[in-house]
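Enquirer: Sharing a structure with you now.
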Amino acid sequence: MVKEVHLNEAQYEATGLVLGGFEKKNLSEVINANGYTKLPPQNQAKVSVQIPGMILTIKVIEGQAVKVGQVLATMQSMAYNNLRLEREKLAEQLQHSEVNVKFLQLEFERQKTLSEENVNAKKVFQKVSSDLEMEQAKTKALQNQIAILSQNIEIGGNSSSPVINIVAPIGGHVGEIYVTIGASAEPGMTLFDIVDNSKMHVDLLVYEKDLFKVKEGQNVRFILTNQGNQETRGKIFSIGKSFENETKSVAVHADILNEKHRLIPGMYVNALIDVGNNLVDALAVEAIIKAEGREFVFVLEEGGKTDDGTEYHFQRIEVKTGTSQLGFVQTTFLQPIETTKKIVVKGAYYLQSHLTKSEGGGGHEH
């Protein structure tokens, strides 16, 4: 007994039916694994300062894309100003010391000549020699101190300005901003989070019994519930060498090959690792309806023209299903059917409800 549903053009448009066909899916020889999206440490940054100060301006907002070296905020710092003043004092001392070195070098040469001619006592020459060495050592120490101070000042950005630029150490997007204008900034305190989601990967937990089947280079398919169950693809690039958190599971790391821009760290994923190549004919799970203890799909037959426009004939045909994974199910027709036929992949339950209506509701038996 074959059951059909007839819809006129208006009914067909109103139902929102979606037509499609079989897709080749690897629904066998897979390993189920759960995990999370993750960013490597080098693609996330916590921005802080090395010296205390007060925030003057904030130049970014949360979610904004930034480049390496871009100014995130500016800060004024008494400690920074003190560093600059101290450097100026040391520079002045260095200048005096360098003048003394030049004078002592000339005196050293003069006393050396006199000493060789035995004109004066050698102890005078030795005193000048000692003074020269001490002044040269002082000069070197001052140069080193100034260099270190300059490095600390340069961390702030512009060494000639009392305002310090706080810059992005990596490119990416601004996460949370932890400061406001006028707030104090202390060394080690996080001011901004920056994440570069372009290098996102997935960490999957695979149990010990399945681990021997998993290899680098294998394909991974996973879905995220908050992405409308859309399938995302990946590829395994590394397998952990130790058990995670006292469990009998090992972390398997997979690159993400598509949809990177929609992902953020910490999303829960349900994944399938393809360990075989057995492709089967599969339909979307929504295409299958269950009735009278059996399984069916609706297939579009040739329609006809009526006064109201095109009429669409859908025939209900029994099928047998197999493995179901990630929103698709292996499906086999119990009777021969042309491969060009269109199958209702969304809205099949609307057609089934049509069949259960009373006479004249659109259901027909042949």
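Enquirer: Could you pull out every one of the lysines with an alpha carbon less than 28 Å from that of Lys89, ignoring same-chain neighbours closer than 8 positions?
Expert: Leaving aside lysines fewer than 8 places away in the same chain, those within reach of Lys89 are Lys102, Lys138, Lys140.
Enquirer: Any chance you could run the full-extension gain for Glu244 through Met134? It's 0.36 nm times the residue separation minus the Cα-Cα distance, nm to one decimal.
Expert: Once the chain is fully extended between Glu244 and Met134, it gains 33.5 nm.
Enquirer: Separation between the Asn82 and Phe333 pseudo-spin-labels, each 7 Å from Cα along Cα→Cβ, expressed in nm?
Expert: The modelled label-to-label distance comes out at 8.5 nm.
Enquirer: Could I ask something else about it? From the phi angles alone, apply the Karplus equation (6.51, -1.76, 1.60; θ = phi - 60°) to region 92-109 and give each ³J(HN,Hα) in whole Hz, x where the residue is Gly or Pro.
Expert: 5, 4, 5, 4, 5, 5, 5, 5, 4, 4, 4, 4, 5, 5, 5, 5, 4, 4
Enquirer: Using θ = phi - 60° and the Karplus relation 6.51 cos²θ - 1.76 cosθ + 1.60, list the HN-Hα couplings for region 130-146 in order, rounded to whole Hz, with x at every Gly or Pro.
Expert: Result, ordered by residue: 5, 4, 5, 4, 5, 5, 5, 5, 4, 4, 4, 5, 5, 4, 5, 4, 5 Hz.
Enquirer: Right, something else. Could you derive backbone 3J(HN,Hα) for region 337-354 from the dihedral phi with the Karplus parameters 6.51, -1.76 and 1.60 (θ = phi - 60°), listing whole Hz in sequence and x where the residue is Gly or Pro?
Expert: 8, 5, 5, 7, 5, 8, 10, 6, 9, 8, x, 4, 5, 5, 5, 5, 5, 4
Enquirer: Okay, next question. Averaging the inverse of every distinct alpha carbon separation and then flipping it gives the Kirkwood radius. What is it for region 46-103, in angstrom units?
Expert: Computed over Cα pairs of region 46-103, the Kirkwood hydrodynamic radius comes out at 14.7 Å.
Enquirer: Can you give the FRET efficiency to the nearest 0.05 for Ala147 and Phe103, using r as the Cβ-Cβ distance and R₀ = 22 Å?
Expert: That gives a FRET efficiency of 0.35.
Enquirer: May I pose another question? Given points 7 Å out from each Cα along the Cα-Cβ axis, report the Lys342 to Ala291 separation in nanometres with one decimal.
Expert: Label at Lys342, label at Ala291, 2.0 nm between them.
Enquirer: Fewest Cβ neighbours within 10 Å first, please rank Val252, Val71, Val5 accordingly.
Expert: So the ranking, lowest neighbour count to highest, is Val71, Val5, Val252.
Enquirer: Rounded to the nearest 0.05, what FRET efficiency do Leu114 and Gln50 have when you use their Cβ-Cβ distance and R0 = 35 Å?
Expert: Calculated transfer efficiency: 0.10.
Enquirer: Now a separate question. Please give the residues of region 263-300, grouped as numeric ranges, whose backbone N is less than 20 Å from a label point set 7 Å along the Cα-to-Cβ vector of Glu29.
Expert: 271-283
Enquirer: If you don't mind, another one. Rounded to whole Å, give me the distance from the Cα center of region 165-190 to that of region 208-225.
Expert: First find each Cα centre; the distance between them is then 38 Å.
Enquirer: On a C-alpha basis, how far is the centre of region 31-59 from the centre of region 326-343 in Å? Whole number, if you could?
Expert: Result: 48 Å between the Cα centres.
No lab work stands behind these numbers, since they all come straight from the coordinates. What you see is a predicted model; the values in this text were computed from it and never measured. Using ideal geometry, Cβ is built from the backbone for each residue, glycine included, and neighbour counts are taken over all protein chains shown.
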